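Worksheet: one structure, shown below.
All of the numbers you see were taken from the coordinates with simple rules; none came from a lab. In this text the structure is predicted, and so the values were computed from the model without any measurement. Please note: Cβ atoms are built from the backbone with ideal geometry, for glycine as well, and neighbour counts cover all protein chains shown.
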Amino acid sequence: MARRPRDSARDLMRDAVLDVAAEEVVAHGWDGLQVRAVATRAGVSRQTVYNAFGDKHGLAEALILRLLDRFLEGIDAVIGRETTLRAQWEATVRYTLETAATEALLRAVLTGTSSDEFLPLLTSDGGPVITRARDHVAATLGGHHPDLDPRVLSATAETVTRLTVSHIVLPLHPPARVAAHVADLATAIVAVPR
């Protein structure tokens, strides 16, 4: 079904606002983000920004979910390059941790003054992030391994997602080491007879 022009225009506007907001957060932190400045740079009114995102918290949530979608696209690519379930788990975690370490917006979220607004979106209020990542990874891996129990795969994907987010927020070990360890755990869980 073709998208209506109004939907496409709204999506383009939302993307433009999110692009500008991400640049502003990276440059000035969340506290330095001014909705008026974002609207001006994106070529829309301040009210349009509020209508699209509700409030500043809604804008933060949209930034995090869009960033998540970009991570999920990369995860799909690395899963597709591997053939075994263990290698796919490992590639998923390693890609996520390595990409997170270099992602400017995520670094600003975790280390800057913006962390008070954003960090809960990954931790205590991270339900939408965890759920979206879990469902996406489980569906992608399920497509490659249709013989796996979808319930077990979903539960394992949630566990892997939570562990990976934990390692993003507080990295203690190199990504390759964490990825191998999480892949071993995930593969063992899925392989347990039910």
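For Val152, Val137, which order do you get if you count the other beta carbons within 10 Å of each Cβ and list the fewest first? All intermediate terms of the calculation are to be shown ahead of the outcome.
Details: Val152 15, Val137 26.
Ranked by crowding around the Cβ, least crowded first: Val152, Val137.
Suppose each label sits 7 Å from its Cα in the direction of the beta carbon; what would the Ala188-Asp76 distance come out to in nanometres?
Label-label distance for Ala188 and Asp76, simple model: 3.2 nm.
Between beta-carbons, use under 15 Å as the cut-off and find the net charge around Glu103, counting Lys and Arg +1, Asp and Glu -1. Walk me through the numbers before you get to the answer.
Values: positive: Arg66, Arg70, Arg94, Arg107; negative: Asp19, Glu23, Asp69, Glu73, Glu98.
My count for the surroundings of Glu103 gives -1.
Which whole-number percent gives the relative contact order of the chain, counting Cα pairs below 8 Å spaced six or more residues apart?
On the way: 181 pairs, mean separation 43.8, N = 194.
Answer for the chain is 23 percent.
Need the full-extension length gain, His173 to Gln34, defined as separation in residues times 0.36 nm minus the C-alpha distance. One decimal, nm.
On the way: separation 139, 0.36 × 139 = 50.04 nm, distance 3.62 nm.
Between His173 and Gln34, full extension yields 46.4 nm more.
Express in nm, to one decimal, how much length is gained between Ser166 and Glu23 on full extension, taking 0.36 nm for each residue of separation and deducting their alpha carbon distance.
Values: separation 143, 0.36 × 143 = 51.48 nm, distance 2.50 nm.
Length gained between Ser166 and Glu23: 49.0 nm.
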